[in-house]
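J.: My structure is below; once you've seen it, I'll send some questions.
Just so it is clear, none of the values below were taken in a lab; they were calculated from the coordinates. Since we're looking at a predicted model, the values are computed, not measured. With ideal geometry, Cβ positions are generated from the backbone for all residues, glycine too; neighbour counts draw on all protein chains shown.
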Amino acid sequence: MHPFLERHADDVLGMLSGFDRLRLRGTLRRVANVQGMATFLGRQGVLLKDFGEYVQDATARVKQAAEAVATGQGRPVLYLARPSADKEAIARDIAARDGIAAGLICVLKSVELCWSFDVRRNRATKHLDLVPAPRKCLHYYHYQIHPALGFLHTRLQSWFPFTMHVGLNGREWLARQLDAQGLGYRRRGNCFVWLEDVAATQRLADAQLRTAWEPLLNALAAAANPAHAALFAAFPLWYYWSVEQSEWASDVLFRTAARLDQLYPALVSHGLTRLASRDVMRFLGKRVPAVGVDGHFQGEVVTDLVARPEGVRVKHRVNGNAVKMYNKQGSVLRVETVINQARDLTVYRPKEGDPDGEKDWRYLRKGVADVWRRAELSQQANERYLAALAAATEPTPLGILSQPLCRRVRYHGQPVRALNPLAADDAALLAVVYRGEFVITGLRNRDVRRLLYPGASDAATRRRRAAQVTRQLRLLRGHGLLRKVAHTHRYLLTAKGRVVVAALLAARQADTATLAAAA
């Protein structure tokens, strides 16, 4: 059982993890750059001097076909003068007004920025050049209730290279799966607050990762842009699908809103005060040196708190990626990992374009081929964060918690000395075993050695320090703070250890005024 669920077993129904929001991008890669677009125009027999006329004609065909999708089904096509308008809210209002339970809801269109091409005169060469250029063009949003995916939308750029976006929601998708299986649930907003069978629901959420993404997304793109096949009949092009943004949520379902309300202030305080920048970087898969800082890291780590109508949000951000915590819909504690910068993360794979080549740890691709790894990394981040929160509240007074540690005990028939949590050596040992990177995977003798005794040393010194760390680990095991993982050389904090060590470290860092107020 996860440490957080174990700690609050009497108060929770279980935990559900899976995709929340997914924003996918479809790119016609062969015409998404100047060289590829020039080749396409050449194949079509289009001279650069005729570029404007050609692309305007293509755009007119795309617009006509995109709107015909709606008019043919008797659904409205609405122009939005403000691109910032809440399009999802408008579509949901239309669906509620017209009683739409399946199929197309509406088509919304607005003029927005995009990236396209232009033809400019090169004064040096006296020729026309095709160049990439930002511009504004009409974008079409097709909102629908999909039979398998639920409420979603597609966004079509009506100008070359006709970039497509798909926005869908994993919880909407999961609700359809539950309906198909006849499993009961209660849902408020974008959260499930009660599930008939948590384990079966989790299996359905996991099944989303085995989706054949390309056929599914290509079908959505074809429905939103029926003119595509005719436009590229002589030069067939297909979309390359990538994930621009993913939100992977782990929802802890509390039995009552009152219990979460009681607990949440302590979780917020713990997230803001106890989780340092180094912890946040580890949660999000960044390598952090044992001591000091990474001189190559050029980004920033930001933690903030925002009070919203649906709950209080704590957010930790490293560059474009983030871990967030909410109290949602009264009784749901949501921890969510957002990935915008996939290249900050890694996957074990061969080189691009060489599927049979040697595998190595390489950057995570945005392409849907790496969706499974994106989900795996996000789940690991959520679990690390929740494990760090497991020790956020402990009603037992610190004196009672620490009293057994201050006495000699016997372990496997041998005496074990008392711990002195306020002494520098013992406090340093406790700080090492409580580090964020050891929460899930555990720690080894060499890990502790590297952190407590940094720097190069000769073989004899290394052996002496290894023996010393072995005795220190045995000390923690003797007091029930650490346990050995069977058939490995790794150790994990016990449930007792997580609570006691967190409390002792917090007390050691507290000033006298804080301690006096607490007394």
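J.: Give me the net charge for the shell around Val131: Cβ to Cβ below 9 angstrom, other residues only, Lys and Arg +1, Asp and Glu -1.
T.: The answer is -1.
J.: Can I ask one more? May I ask you to order 49-55, 259-265 by the average number of other C-beta atoms within 10 Å around their residues, highest value first? Could you put the intermediate results ahead of the total?
T.: Details: 49-55: 13.6, 259-265: 16.6.
Averaged packing, sorted descending, gives the order 259-265, 49-55.
J.: Please state, rounded to one decimal and in Å, the Kirkwood hydrodynamic radius that region 29-162 gives when every pair of distinct Cα atoms enters the mean of 1/r. Intermediate results must be reported in sequence, preceding the final value.
T.: Values: mean 1/r = 0.0598 Å⁻¹.
Result for region 29-162, one decimal place: 16.7 Å.
J.: Please report Tyr491, Tyr240, Tyr411 as a ranked list, fewest other C-beta atoms within 10 angstrom at the top and most at the bottom.
T.: The most exposed by this proxy come first: Tyr411, Tyr240, Tyr491.
J.: Shifting gears a bit: Along region 104-117, what does the Karplus equation 6.51 cos²θ - 1.76 cosθ + 1.60 (θ = phi - 60°) give for ³J(HN,Hα), rounded to whole Hz, x for Gly and Pro?
T.: 5, 9, 6, 10, 10, 9, 7, 8, 9, 5, 8, 10, 9, 9
J.: Go ahead and collect, in residue order, the members of region 147-173 whose backbone nitrogen is under 20 Å from a label point 7 Å along the Cα-Cβ direction of Glu67.
T.: Flagged as within label range: 154-160, 162-163.
J.: Please give the helix 495-509 orientation as an angle from the longest Cα principal axis of the chain, in degrees from 0 to 90, rounded to the nearest 10.
T.: Helix 495-509 sits roughly 80 degrees off the main axis of the chain.
J.: In addition: Using the Cα centre of the chain as origin and beta-carbon charges of +1 (Lys, Arg) and -1 (Asp, Glu), tell me which of Tyr453, Val347, Phe160 is placed farthest towards the positive end of the dipole.
T.: Working it through, the farthest residue towards the positive pole turns out to be Tyr453.
J.: Sorting check: for 143-153, 68-78, which peptide has the highest mean count of neighbouring beta carbons within 10 Å, and how do the rest follow?
T.: Values: 143-153: 18.9, 68-78: 14.2.
Those peptides, ordered most packed to least, come out 143-153, 68-78.
J.: Let me ask another. Within the set Lys366/Lys496; Lys315/Lys484; Lys315/Lys366; Lys328/Lys359, which residue pairs have Cα atoms separated by over 31 Å?
T.: The pairs that break the limit, which is 31 Å between Cα atoms, are Lys366/Lys496; Lys315/Lys484; Lys328/Lys359.
J.: Pull up the cross-link candidates among the lysines for Lys136, meaning alpha carbon to alpha carbon under 20 Å and not fewer than 8 places away within one chain.
T.: Partners within reach: Lys63, Lys87, Lys109.
J.: Under the rule of at least 5 residues apart or a separate chain, name every residue whose amide H is placed under 5 Å from the amide H of Arg187.
T.: HN-HN under 5 Å from Arg187: Val193.
J.: Normalised radius of gyration for the chain, please: alpha carbon Rg relative to 2.2 N^0.38 Å, two decimal places.
T.: On the way: Rg = 28.2 Å, N = 519, 2.2 N^0.38 = 23.7 Å.
Cα Rg divided by the expected 2.2 N^0.38 Å: 1.19.
J.: Relative contact order for the chain: what is it in percent, counting Cα pairs under 8 Å that are at least 6 residues apart? Display every interim value, and only then the final one.
T.: Numbers: 848 pairs, mean separation 73.9, N = 519.
Relative contact order here is 14 percent.
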